[in-house]
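One structure, as structure tokens, below. Some questions next.
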Amino acid sequence: MDMRCLTGYAYKIVDRTGLERGASISVEFDPATQDITFNELKVIRDGVVIDHLTDVTFDVFRREKDAEKGVFDGWLTAYANIDDVRIGDIVDYSKTTVRKPLVGRDLMFRVFDLAWYEPVALIREKIIWPEEKPLTIRRTGTDIQPEIQTRDGLTSYLWQAANPKPERREDNVPPDALPYQFVSVSSTARWQDIADAVLPYYRLDQPLPAEFAAKLDAIATSNPSSEDKMIEAMRLVQDSIRYVSLSIGQGSYVPRNPTAVVTSGFGDCKDKALLLATSLRRLGIEAVTALTDIDEGVALPSTLPSLRAFDHVIVKASVGDRVYWLDATNYLQGGKAENLVAPGYYYALPILPGGTGIERIEQGILIQPTTFVSELFLFPKLPDQPLRLKVETVYHDADADKMRYKLISQSQAKVADDYLQYYNRQYPGMKAVEPLVTKDDRDGNVIVTNESYELAPDDLHKNALAENFPLKADIGLGFLPEPSSVDRQSPVWLGLKRFNRHKITVKNLKARFAPPEDMHDIITPYMAFRLSWSSTPTEFELDWILNTLSDRAPVADLSAYLKALKDISYNASLSYNFAYAQAEAN
């Protein structure tokens, strides 16, 4: 059914900054599913109403914000400037939005705030819905209950919040722990109703082009195990079908058929997931498509059922009693069945009849560093010799997948130059003496890179670099947020677990060195840090490990979390005097 939403806003412009924002109106909408009509547009000045509904002109334009990523959504922006708006004026307008769902026409979902991040006098939200279809309502951060009235077969729900306290918008909040006041309303409490709404569009018995089917048959012939068949089919879809998302109109929800996808050579997540699941079925592997959310999948169990809860489609495959989650939009993904990295979306909704609802996407346990950097500094034995630096980096699992994509999406020269600039910032004058070397074991999902640099004698001693020589661990600290502790209400979102290691070995020294006297392990429930070391009269080694243990740090532990970050940062960036035979550690 079509759904009608009446929205009104009234605000007073109190300063010059507000004039910049308040004298124009901008509305984004999907022309395939929404019709917008402005009912009122007026300016109230000193009690006098000035009607602008007929003299304001809206310019409508298309702005594809993610075109460079191959995503085209077809949304339009309607923009208008209101003439002669002044400080002290009240701008009052209302609009009606008619939504015409292309999929799930009997489903309704609405979420609205009962407080804003700036002062507001009154928020009112009213929903009128058939009496025979009770709504499911979930309150988050608020005790406000709706006023409910029933008349002529319709039930109205009215929420009102007068002068709500403005909310603070906090960064790095877990998607399932938002501290805001809002209400979610859904026409169903069953996730299966969402799966049923899209199920007709994800039929897995559709034909495949003969040439593509022949490739699958070749995979079946050359790979006796189901697991290997699954991996090869996944790679075929990932690598041979490029990603382009034409999410315009029906394309926002309905996948193209596998023949169209293969023939065109491109598809979005829906298209590629359906093609992969269909391919796996041809190979005798149980597979279904599944809805998920790339950034907010962790919040799905605490969300009311709706189509809007999802922005991505993947595949759930089963071989025996083992479940695999496959993302067909990945490119050049490595690993075999035993070491395949599951997509980090936390939860997904399989699209199948009679399903059990939201399912957990289990992540493997990190038993080794996913990035391990080894730096070897060879100090010159003679005054006229350069300092040499050898760097080997080993990437495993998800980090190997990211590095593989980086190496294919950028030239090797660009990657090598980025690495050189990194070392030049620490050691000015550093020069590459050999090309960047990369080795890729795709089945093992391991990538190894090797770099080789030199620092001339003059540069080594310029600006007392040798006397204050930096040793810095690249262990992923930049991925850990450092939020303000002032009145923080929410946990700190750390995301998927990370495991980084960085080892530095300095050779050809003429004295023993030691780490900081206050060096100590830092172990918390959410991350662990360790710095180990060894020393001989000619060699000094530091070995850092940082491992996150949880996807969040509780707000009650915020002070401890920030202190741990500070201590880790202190111990991850050291400097030593390597200039003299009798040198001591700084």
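The values are calculated or read from the model by the stated rules, or taken from the named source; none is laboratory data. All values derive from a computational prediction rather than experimental measurement. Cβ: placed from backbone, ideal geometry, glycine included. Neighbour counts: every protein chain shown.
Of all residues in the stretch 218-241 being free of Cβ contacts under 8 Å to residues at least 60 places away in the same chain and not in a loop (DSSP other than H, G, I, E, B), which is surrounded by the most Cβ atoms within 10 Å (Cβ to Cβ)?
Ranking the qualifying residues of the stretch 218-241, first place goes to Ala233.
Any residue at all in the stretch 112-121 that's touching a Gly at 6+ places or on another chain (Cβ under 7 Å) and surrounded by fewer than 16 Cβ atoms within 10 Å (Cβ to Cβ)? Before you say what the answer is, go through the steps one by one.
Of all residues in the stretch 112-121, those touching a Gly at 6+ places or on another chain (Cβ under 7 Å) come to none.
Checked against the condition, which is being touching a Gly at 6+ places or on another chain (Cβ under 7 Å) and surrounded by fewer than 16 Cβ atoms within 10 Å (Cβ to Cβ), the stretch 112-121 yields no hits at all.
Moving on to the next point. If a residue must be assigned to a strand (DSSP E or B), free of Cβ contacts under 8 Å to residues at least 60 places away in the same chain and among the hydroxyl-bearing types (Ser, Thr, Tyr), how many such residues does the stretch 1-36 contain?
Filtering the stretch 1-36 down to residues assigned to a strand (DSSP E or B) leaves 3-12, 24-29, 34-36.
So of that shortlist, the ones also free of Cβ contacts under 8 Å to residues at least 60 places away in the same chain come out as 24, 26, 28.
Filter again for among the hydroxyl-bearing types (Ser, Thr, Tyr), leaving 24, 26.
So the answer is 2.
To continue, here is another question. Answer with yes or no whether Glu375 is at pLDDT 95 or above and outside the structural domain of Ser240 (by TED's automatic domain parsing). Let's see the steps before the verdict.
Working: at pLDDT 95 or above: yes; outside the structural domain of Ser240 (by TED's automatic domain parsing): yes.
The answer is yes for Glu375.
For the stretch 140-192, what are the residues that are among the aromatic types (Phe, Trp, Tyr) and surrounded by 17 or more Cβ atoms within 10 Å (Cβ to Cβ)? Steps first, answer last, please.
Restricting attention to the stretch 140-192, the residues satisfying the condition of being among the aromatic types (Phe, Trp, Tyr) are 157, 159, 180, 182, 191.
Answer for the stretch 140-192, where residues must be among the aromatic types (Phe, Trp, Tyr) and surrounded by 17 or more Cβ atoms within 10 Å (Cβ to Cβ): Tyr157, Trp159, Tyr180, Trp191.
Show the residue pairs meeting these rules: Cβ distance below 7 Å; 6+ apart or different chains; first residue within the stretch 447-463 and assigned by TED's automatic domain parsing to the domain that holds Val391; second residue in a helix (DSSP H, G or I).
Ile447/Ala400; Ile447/Met403; Ile447/Arg404; Glu451/Tyr419; Tyr453/Tyr423; Leu460/Ala466
Return the total of residues in the stretch 442-462 being over 9 Å from Leu387 (Cα atoms) and assigned to a loop (DSSP other than H, G, I, E, B).
Residues meeting the conditions: 4.
Here is a further query. For Arg16, state whether it is exposed (fewer than 12 other Cβ atoms within 10 Å of the Cβ) and either over 26 Å from Trp159 (Cα atoms) or modelled with pLDDT under 90 (or both).
Criteria met by Arg16.
When the stretch 385-429 is examined, which residues are found to be touching a residue at least 40 places away in the same chain (Cβ under 8 Å) and either of a type in the set (A, V, I, L, M, F, W, C) or exposed (fewer than 15 other Cβ atoms within 10 Å of the Cβ) (or both)?
Scanning the stretch 385-429 gives Leu387, Leu389, Val391, Val394, Ala398, Ala400, Met403, Tyr405, Leu407, Ile408, Gln426.
Checking Leu332 against (1) in a helix (DSSP H, G or I); (2) surrounded by fewer than 18 Cβ atoms within 10 Å (Cβ to Cβ), which single condition isn't satisfied?
Of everything listed in (1) in a helix (DSSP H, G or I); (2) surrounded by fewer than 18 Cβ atoms within 10 Å (Cβ to Cβ), Leu332 misses just condition (1).
Among the residues of the stretch 282-298, write down those that are surrounded by fewer than 19 Cβ atoms within 10 Å (Cβ to Cβ) and either within 15 Å of Leu199 (Cβ to Cβ) or touching a Phe, Trp or Tyr at 6+ places or on another chain (Cβ under 7 Å) (or both).
The one that is surrounded by fewer than 19 Cβ atoms within 10 Å (Cβ to Cβ) and either within 15 Å of Leu199 (Cβ to Cβ) or touching a Phe, Trp or Tyr at 6+ places or on another chain (Cβ under 7 Å) (or both): Ile294.
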